[in-house]
Amino acid sequence: MDAKLRSSECRENGIPLGRLDGRVAIVTGGGEGIGRAISDIFASEGARTVVVDIDPATAQDAAQSINEAGGRAEAVEADIANQDDMSRLFATVADQFGQLDILVNNAGINVRGDMRHVEDEQIERMLETNVAAVMRCVRSAFLLLKDSEKASIINISSIMAVRHMPHSGLYSTTKGALSAYTRSIAVDFARFGIRANAICPGYVETAMTAQILRMPKLREALEDRTPMRRLGHPHEIASVALFLASDEASYITGACIPVDGGMSIGL
Ligand SMILES: NC(=O)c1ccc[n+]([C@@H]2O[C@H](COP(=O)([O-])OP(=O)(O)OC[C@H]3O[C@@H](n4cnc5c(N)ncnc54)[C@H](O)[C@@H]3O)[C@@H](O)[C@H]2O)c1
């Protein structure tokens, strides 16, 4: 029997199967790239997965393909930086599922530029999307996560929290803040049984990196600076998110895990 069919049959008959069975997960920016790979693997391990994306078409597409494969997913169109959208998201999750066990703050943006000429609008947009929106999202999620026995927050930070490239000042600043924030909530929320960890990917082939990776010299330079001599794939980040969300990581909190082919430790 087809594995996907078998898993949906087991679920229908109440037979536990996946590592995230019985859990509800929100994945922001879940329509594409790393977020989509995380949505896919969470749903394949039994989580009811809420795919949140500013782009409704990608969110719908991701949820549809999960549902067709026998998993359970909902698409929600929302801009994480829009407070009305986020209030609507958490009200929907509370109404529809009555629980939340996993929050993945994956949605993020990258504005590159020379720090001598950085514009106010760029500073505000980057801090708003990559840091402030995550803080507000966690604040709302806390009200549901505190009642879960398996609560896990996973923030997608970056190797850029600790390594730097020209014209990455804004991005590095926001990801450094996100890693620090992750450690901070890990300490504050431990007594509520909520774990919080970050993943720090190196260069991963997605829409975000497509433009720079199309430049052969730059791509080669990045591969050369990576001990494993290659870039990462979204599923290689998703498998670590699955581990962090699962019971296998039950004693891990406050960690910022590099998933970067060794780039952060050098050649
Ligand atoms: N690709 C990499 O090399 C890399 C490396 C390190 C860290 N990261 C981080 O991983 C995360 C995902 O990156 P990716 O490469 O998959 O990006 P991506 O651009 O391929 O996908 C991001 C997804 O988030 C959505 N999104 C963007 N802004 C949003 C918003 N305001 N509200 C809701 N959804 C929004 C987009 O529509 C898209 O579906 C980001 O936080 C990024 O900073 C990526």
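The H on the amide N of residue 155, modeled in the peptide plane, is under 5 Å from the matching H of 105, 197, 198, 199, each at least 5 residues off or on a different chain. Under 17 Å from a label point set 7 Å out along the Cα-to-Cβ vector of residue 210, the amide N atoms of region 38-59 belong to 54-59. Considering the zone a paramagnetic label at residue 255 would reach in this model (a point 7 Å from Cα along the Cα-to-Cβ line), which residues of region 162-190 have amide N under 13 Å from it? None, by backbone N distance to the label point. For the chain, set up a Gaussian network in which alpha carbons nearer than 10 Å are linked by springs, and say which option among 229, 36, 183 fluctuates the most. The residue that fluctuates most here is 229.
Remark: region 3-262 carries a charge dipole of roughly 760 debye about the Cα centre, counting +1 on each Lys and Arg Cβ and -1 on each Asp and Glu Cβ. Scanning the chain for long hydrophobic helices, with DSSP H runs required to stretch 20 angstrom or more by C-alpha along their axis and to average at least -1.0 on the Kyte-Doolittle scale, returns 169-189.
Take the Cβ atoms of residue 220 and residue 162, set R0 to 25 Å, and the FRET efficiency comes out at 0.65. Each of 39, 231, 263 was scored by the projection of its Cα onto the charge dipole of the chain, and the greatest displacement toward the positive side belongs to 263; charges sit on the C-beta of Lys, Arg, Asp and Glu.
Using the Cβ-Cβ distance between residue 67 and residue 92 with R0 set to 30 Å, the FRET efficiency works out to roughly 0.95. Show the residues, 5+ positions off or on another chain, whose built amide H is closer than 5 Å to the amide H of residue 50. Distant-sequence amide H within range of residue 50: 25, 26, 27, 74. Here the extension length gained between residue 116 and residue 239 equals 40.4 nm, from 0.36 nm per residue of separation less the Cα-Cα distance.
Does region 113-267 classify as rounded, prolate or oblate by the C-alpha gyration tensor (a ≥ b ≥ c root eigenvalues; a/c under 1.5 gives rounded; else a/b over b/c gives prolate, otherwise oblate)? In terms of gyration-tensor shape, oblate.
No value in this document is a laboratory result; all are computed from the given coordinates. Just so we're clear, the structure is a prediction, and the values are computed from it rather than from any experiment. Here Cβ is always computed from backbone atoms with ideal geometry, including for glycine, and neighbour counts include all displayed protein chains.
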